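Report on the following structure.
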Amino acid sequence: MKIKKTYSYALWSAVYLTMLTVVIALISYYFFSNYIGAVSVFFSIVVLFVISFFIIQYRTEHFIYRRLKKIYEDVSILDVNDLRRDSVTTDIEKLSKRMQRFVEGKRLEIKSLTERDSFRRDFLGNVAHELKTPLFTVQGYILTLIEGAVNDKEIRTKYLERANKGVERLVAVIKDLDMIAKLENDGMKLNKDVFNILELVQNVFDMFEMRAKKRNIILKFDRIHEFPVFVKGDAEKIEQVLINLIVNSIKYGKPNGTTIVAVESYNENKFIVKTIDNGEGIKPQHLSRLFERFYRVDQSRSREQGGSGLGLSIVKHIIEAHNETILLKSTYGEGSEFSFTLEKAK
């Protein structure tokens with residue numbers, strides 16, 4: 001059987017000390033053979049103790065260093081250059097804590113890489129699914145027309161309109177993907193200026209008034225504002241945020257419901273803009289993931305409603321680019337409130 005490393009270490013330490021003891025005894029006997037007494041014995045003990053201390057200290061450090069170096073060489077994620085011999089001591093507790101910190105750092109790094117890989121796989125799968133559905137739809141209508149339906153004017157018009165809707169959805173997905181890629185890779189260039197947030201909200205209301213009427217949803221402010229509310233930010237980007245939030249409230253709001261936008265003072269330096277609906281709300285288990293790309297609370301219903309599945313992710317990127325905060329509160333069955341802060345104009 002292979003001798004344990006600790007036994008080997010102890011054996012050789014014992015051999016060295018025994019040999020040292022013999023040498024000291026012989027020297028003492030040679031020089032003090034006629035005067036052996038208490039003084040010579042005491043002298044021998046002191047010398048033996050001092051020399052033994054340094055030998056054991058050196059041997060211990062050398063033993064630990066060689067063992068750790070072997071671990072660093074065997075484990076590919078550890079860099080042997082990170083290990084310094086002068087940092088290795090006999091303080092096992094301190095050494096253990098140092099190694100635990102190192103291992104914890106590597107564990108977090110591996111966890112991060114694993115999560116990124118999982119996220120990449122999910123993202124590619126979602127992109128493929130988002131593109132596949134409208135592509136197959138468009139392909140089906142075109143094939144039907146090629147096979148003879150093109151001769152029927154009514155069917156031709158209907159199928160071309162449906163194919164066009166599929167193409168529009170593809171374009172929307174591609175545009176949102178392009179925006180997400182630019183936001184994450186190149187960052188977002190903001191053209192900050194002072195603007196009236198109430199006017200911007202009203203413009204978005206006017207833009208989607210007809211869509212809201214189709215579902216009998218009323219778009220309104222929480223109260224009548226006598227004076228403008230001026231904020232500082234990129235008006236075009238904030239308009240995109242409002243568009244995404246209000247369109248979502250129309251899509252997932254209850255028929256005959258309301259979408260309310262409130263602008264309130266958040267603190268001394270910021271306003272908070274709230275988009276409140278009395279729709280179906282969101283279950284608690286979905287709240288933490290709602291701003292992820294392509295994440296959908298109800299897959300089947302979301303497909304029917306259309307959209308790229310990137311709207312809330314884009315909202316989050318825009319608000320964070322402004323160094324602001326986006327908040328979400330929702331009660332399932334009662335409605336949702338999306339809110340974000342904006343800097344007050346001074």
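The values are calculated or read from the model by the stated rules, or taken from the named source; none is laboratory data. Worth saying up front: this structure is predicted, and the values here are computed from it rather than measured. Reconstructed Cβ throughout: ideal geometry from the backbone, glycine too, with neighbour counts over all protein chains shown. What goes into the accessible areas is simple: the full protein's heavy atoms, side chains included, and nothing from ligands, DNA or RNA. Shrake-Rupley method; radii C 1.70, N 1.55, O 1.52, S 1.80 Å.
Put simply, the amide H of Thr259, placed in the peptide plane, has neighbours under 5 Å in Ile218, Leu219, Lys220, leaving out anything fewer than 5 places away on its chain.
The heavy atoms of His62 present about 40 square angstrom of accessible area, all protein chains included, probe 1.4 Å.
Measuring nothing but protein heavy atoms, the accessible surface of segment 177-256 at 1.4 Å probe radius is 49 percent carbon and sulfur. For GluC sites (Glu not before Pro), the sites in segment 233-290 that DSSP calls loop and that have at most 10 other Cβ atoms within 10 Å are Glu268.
Between Glu268 and Asn323, the modelled label-to-label distance comes to 1.7 nm, taking each label 7 Å out from Cα in the direction of the beta carbon.
Largest accessible area first, the listed residues Phe291, Phe205 line up as Phe291, Phe205 when surface is computed with a 1.4 Å probe on the assembled protein chains.
Would you tally the net charge around Asn269, using a Cβ to Cβ cut-off of less than 9 Å, leaving Asn269 out, and scoring K and R as +1, D and E as -1? Computed value for this residue: +1. Residues in segment 154-269 average 61 Å² of solvent-accessible surface per residue, probe 1.4 Å, ligands and nucleic acids excluded. Pairs Lys111/Lys175; Lys182/Lys237; Lys175/Lys316: which exceed 24 Å Cα-Cα? Long pairs (Cα-Cα over 24 Å): Lys111/Lys175. Maximal additional length on extending the Ile146-Tyr58 stretch stands at 23.0 nm, based on 0.36 nm per residue less the C-alpha distance. Counting heavy atoms of the protein chains alone, Ser13 has an accessible area of about 20 Å² for a 1.4 Å probe.
Of the residues Arg169, Arg116, ranked by 1.4 Å probe accessible area with the largest first, the sequence reads Arg116, Arg169. For segment 214-220, backbone phi angles converted through the Karplus equation (6.51, -1.76, 1.60; θ = phi - 60°) give residue-by-residue couplings of 4, 10, 6, 9, 8, 9, 7 Hz, Gly and Pro being listed as x. If you sort Ser265, Ser288, Ser336 by accessible surface, 1.4 Å probe, largest first, the order is Ser288, Ser265, Ser336.
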